[in-house]
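The values are calculated or read from the model by the stated rules, or taken from the named source; none is laboratory data. Keep in mind that this is a model prediction, so the values were computed, not measured. Quick reminder, even Gly has a Cβ in these numbers, built from the backbone with ideal geometry, and neighbours come from all protein chains shown. Side chains included, ligands, DNA and RNA excluded: accessible areas come from the protein's heavy atoms. Shrake-Rupley method; radii C 1.70, N 1.55, O 1.52, S 1.80 Å.
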Amino acid sequence: IYGNDGTCSVESCPTWTSDKDSNPQESYDFDGSADYVSVDATGTSNLKITGDFTLAAWVVPQAIQSGTNFIVGKWQDTSDERSYGMWIYGNNLNCAKCHGGGEWSANCELNKVLGEPVDGLFIPGEPYHLACVYNGNDGTMTAYINGLPVGNKSGLEYGVYTNDMDVRIGNYESGHFF
């Protein structure tokens, strides 16, 4: 992530696979039950985002699990350490950013994008380019699927809560795997 290396342990490492253009070892295959990559953000200023940001990922969901299918972010519920994140919940793309630590409902904004129809937004085995773009100057967050804006939320409070939590790819905390 932006010049920072990620790590994983043997049990949690995704496997290398070909990307959408069949280039070998250009993407990871997350198993949906234990795989994730962790990027240490301690002392790394470029992962302590306080203003504008873009989260983007190519994903090929093999199945959409019930609950949160976390893609990327700095997020931990148990210690109220939430900064930013992107995930699929049910069949909806979710983009979030928090402007303060503590309680979720008081300090975070969520841009939940509903598919039309809800059953058809994410088709298993199909590639999608997902992006969440936060513009602090005008207080908006826009969600994109395959380059098209699919949802916009305005009136967001300026700023992003920063902390030393790792950036996680593929899950947060002890569950919520992609």
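Has the stretch 106-126 got at least one residue that is modelled with pLDDT of 80 or more, under 14 Å from the mean Cα position of the chain (by Cα), over 23 Å from K48 (Cβ atoms) and open to solvent by less than 20 Å² (accessible area, probe 1.4 Å)?
Scanning the stretch 106-126 turns up no residue that is modelled with pLDDT of 80 or more, under 14 Å from the mean Cα position of the chain (by Cα), over 23 Å from K48 (Cβ atoms) and open to solvent by less than 20 Å² (accessible area, probe 1.4 Å).
Can you tell me which residue within the stretch 1-17, out of those that are open to solvent by less than 80 Å² (accessible area, probe 1.4 Å), in a loop (DSSP other than H, G, I, E, B) and out of contact with any strand residue (DSSP E or B) (no Cβ under 7 Å at 6 or more places or on another chain), is modelled with the lowest pLDDT?
S9
From the list Y28, Y36, which residue is touching a helix residue (DSSP H, G or I) at 6+ places or on another chain (Cβ under 7 Å), surrounded by 12 or more Cβ atoms within 10 Å (Cβ to Cβ) and at pLDDT 75 or above?
Just a single option satisfies the conditions, and that option is Y36.
Please enumerate the residues belonging to the stretch 43-68 that are modelled with pLDDT under 75 and closer than 15 Å to M165 by Cβ.
Scanning the stretch 43-68 gives G43, T44, S45, N46, L47, K48.
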